[in-house]
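Undergrad: Below is one structure. I have some questions about it.
The values are calculated or read from the model by the stated rules, or taken from the named source; none is laboratory data. Remember, it's a predicted structure, so these values are computed and weren't measured experimentally. When we count neighbours, we look across all protein chains shown, and the Cβ atoms used for this are built from the backbone with ideal geometry, even at glycine.
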Amino acid sequence: MIKKFDKDLVTTIENYSAYVYKITITFKDGTKKIYIGAHKGSIYDKYNFSSEDETFLKDLRNPDTEVYFEIIMKGTAYDMFDLENQMLEEVDAKNPKNEYYNNTNGGSRYTDQSASIEAFIDSILEKIKNGDFDKYIQYLSVVDIKNNIDEYDRVQIRSEDESVADIEYCRPIADEIDLKHFGDTSFLPPCLAFGEWGTKKDGILWIDGNQRYTSVSMSKLGDKVKTIVLPKKEYKKILDKIGKITDAMIDLAYLRNPLEAAPLPMKPKELSKRIFERSKSLEGIQSDAQLRFLAKQNRFGATAKKIINDAVTLWKNEEEAKKKGPDFHFYDSDSPEGKKILQDKRIEMENAYEDDIIWGPYSSATFGPSHMFGVIQRTMFDKKKYPTILIQDGGGKIIRPIIYHSSTEVQKDWEGGKAAATTQLLEDLAQKYNLVIAPYEMVSLIAKSVVSKATK
């Protein structure tokens, strides 16, 4: 007669909502058959097992058999039913040749994806890593890839409000293709696609490699993308209906983009800062030595030139700051210090002119008449962005713009004529809508350097 259980293998786990159990039946001749199950509840409740298999029930009742009941694991319902699924699939319990009563490999309302599918995806990733799929590498033209994406879509792993490709990341790769490899794209890791796709089985489904594909598309000399194009036999286990992208395919695409232990590529802004820091003169920033430094970062051509130009801007900004004293620094508007300077100015203006419209702070590089529409354009319906209507009368309201210069070059442009032209246009608009443009409040991003206590 079966007892509730003979052995609890996880006595230390006291808080759980479900468990996995194994019932082993040993016959007189020494042969065994096994039943694996999962149950939501306590090991001490009235539940024994859920199987209704007649053979299993008959063998349980047989006085000549030995029955052993083990508690394998305890945990959440999801994890336990998932574990049941994994254990059954590992031994292929549904195969009648194997000594299991289950006649199934599990799966229930608690599990999202079978263990075998998870293992299959892992096997694809492992084969790619080991080079087992290199025999399927093709060099696809960017035109063919685009045509296939247009017809069959692609596995999309980024949200709708994100760009498929990061242009800042792709531009240097495009330059490397052109200037270092002269159009040869074989140095790039292979992308992944499924072949024999579609009703006619003559298309491809793009799985992974949007950044590489975009980089090649942006280059002048490159036109081929190294791609592992898997035949249907290699991915049919995660297929569903013809043309349908499955959850397993999406999982595969995600797992092709893991967090790597290797260093991330430096952003252009960071490289500009480093060029500035490692240079002792303006001439040094523009030297071949800096280009060699950038070449080791695989930055060439227009990408390298922009990094150098931004470093020059940093140098000129610091030279302007030094005019106020050795302890002064020019802060980037995006830095914490720069943001605080600008925010403090706005708060000061709001406190000083409570009844007026405070504009900005705006960079002098982008400031212009377009900002006026934030004042004269109003929604026609409450809390609705569109449609809108222009006000007829601003009631003589005063607008006070706050302006800052993001660099010395931008300041020169502003003082060299842009300020006068912008002012004229704004005043014309203000007069039309009965508004008043007050003199600009200029705020400087030059301030005394912030030094941490640890470095004092």
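Undergrad: Any idea which of GLY222, GLY183 is farther than 22 Å from ILE121 by Cα, in contact with a helix residue (DSSP H, G or I) (Cβ under 7 Å, 6 or more places away or on another chain) and surrounded by 22 or more Cβ atoms within 10 Å (Cβ to Cβ)?
TA: GLY222
Undergrad: Here's another thing I want to ask about it. Enumerate the helices (runs of 4 or more DSSP H) found wholly within segment 208-318, keeping only those where 1 or more residues are without any contact (Cβ under 8 Å) to a residue 24 or more places away in the chain. It would help to see each step written out before you state the result.
TA: Details: elements: 210-218, 232-235, 247-255, 268-277, 282-285, 288-295.
In segment 208-318, the matching helices (runs of 4 or more DSSP H) lie at 232-235, 268-277, 282-285, 288-295.
Undergrad: Continuing with the same structure: Scan segment 186-214 for residues that are surrounded by fewer than 21 Cβ atoms within 10 Å (Cβ to Cβ) and polar (S, T, N, Q) and report the count.
TA: Counting residues in segment 186-214 that are surrounded by fewer than 21 Cβ atoms within 10 Å (Cβ to Cβ) and polar (S, T, N, Q) gives 3.
Undergrad: On to the next question. When you go through (1) within 21 Å of the chain's Cα centre (by Cα); (2) in a loop (DSSP other than H, G, I, E, B); (3) over 23 Å from LYS135 (Cβ atoms) one by one for PRO189, which number turns out not to apply?
TA: Only one criterion in (1) within 21 Å of the chain's Cα centre (by Cα); (2) in a loop (DSSP other than H, G, I, E, B); (3) over 23 Å from LYS135 (Cβ atoms) is unmet by PRO189, namely (3).
Undergrad: Then there is this: Quick check on segment 235-251. Is at least one of its residues under 30 Å from ARG299 (Cβ atoms) and either modelled with pLDDT of 95 or more or buried (at least 18 other Cβ atoms within 10 Å of the Cβ) (or both)?
TA: No, segment 235-251 contains no residue that is under 30 Å from ARG299 (Cβ atoms) and either modelled with pLDDT of 95 or more or buried (at least 18 other Cβ atoms within 10 Å of the Cβ) (or both).
Undergrad: Going through ASP332, ASP344, ASP355, ASP327 one at a time, which residue ends up being more than 14 Å from ILE437 (Cβ to Cβ) and either exposed (fewer than 10 other Cβ atoms within 10 Å of the Cβ) or among the basic types (Lys, Arg) (or both)? Break it down into steps so the answer makes sense when it comes.
TA: Numbers: ASP332 fails: either exposed (fewer than 10 other Cβ atoms within 10 Å of the Cβ) or among the basic types (Lys, Arg) (or both); ASP344 fails: either exposed (fewer than 10 other Cβ atoms within 10 Å of the Cβ) or among the basic types (Lys, Arg) (or both); ASP327 fails: either exposed (fewer than 10 other Cβ atoms within 10 Å of the Cβ) or among the basic types (Lys, Arg) (or both).
Result of the check over ASP332, ASP344, ASP355, ASP327: ASP355.
Undergrad: When you look at TYR68, is it over 46 Å from the mean Cα position of the chain (by Cα), part of a strand (DSSP E or B), aromatic (Phe, Trp, Tyr) and surrounded by 13 or more Cβ atoms within 10 Å (Cβ to Cβ), yes or no?
TA: Criteria met by TYR68.
Undergrad: Also: Any residue in segment 175-190 that is in the same structural domain as VAL225 (by TED's automatic domain parsing), among the aliphatic types (A, V, I, L, M) and within 11 Å of ASN148 (Cβ to Cβ)?
TA: No: zero hits.
Undergrad: Kindly indicate the residue of segment 395-421 that is part of a loop (DSSP other than H, G, I, E, B) and in contact (Cβ under 8 Å) with a residue 60 or more places away in the chain and also surrounded by the most Cβ atoms within 10 Å (Cβ to Cβ) among those meeting that condition.
TA: The initial filter retains those residues of segment 395-421 that are part of a loop (DSSP other than H, G, I, E, B), namely 395-396, 405-407.
Narrowing further to those that are in contact (Cβ under 8 Å) with a residue 60 or more places away in the chain: 406-407.
Numbers: SER406: 19, SER407: 22.
Here the answer is SER407.
Undergrad: Report whether or not SER272 is of a type in the set (Gly, Ala, Ser), more than 26 Å from the chain's Cα centre (by Cα) and not assigned by TED's automatic domain parsing to the domain that holds LYS180. Can you show your working first?
TA: Details: of a type in the set (Gly, Ala, Ser): yes; more than 26 Å from the chain's Cα centre (by Cα): no; not assigned by TED's automatic domain parsing to the domain that holds LYS180: yes.
No; evaluated as a whole, the condition is false for this residue.
Undergrad: Additional query: From GLN424, GLN392, GLN431, grab the single residue that is assigned to a loop (DSSP other than H, G, I, E, B) and not small (Gly, Ala, Ser).
TA: GLN392
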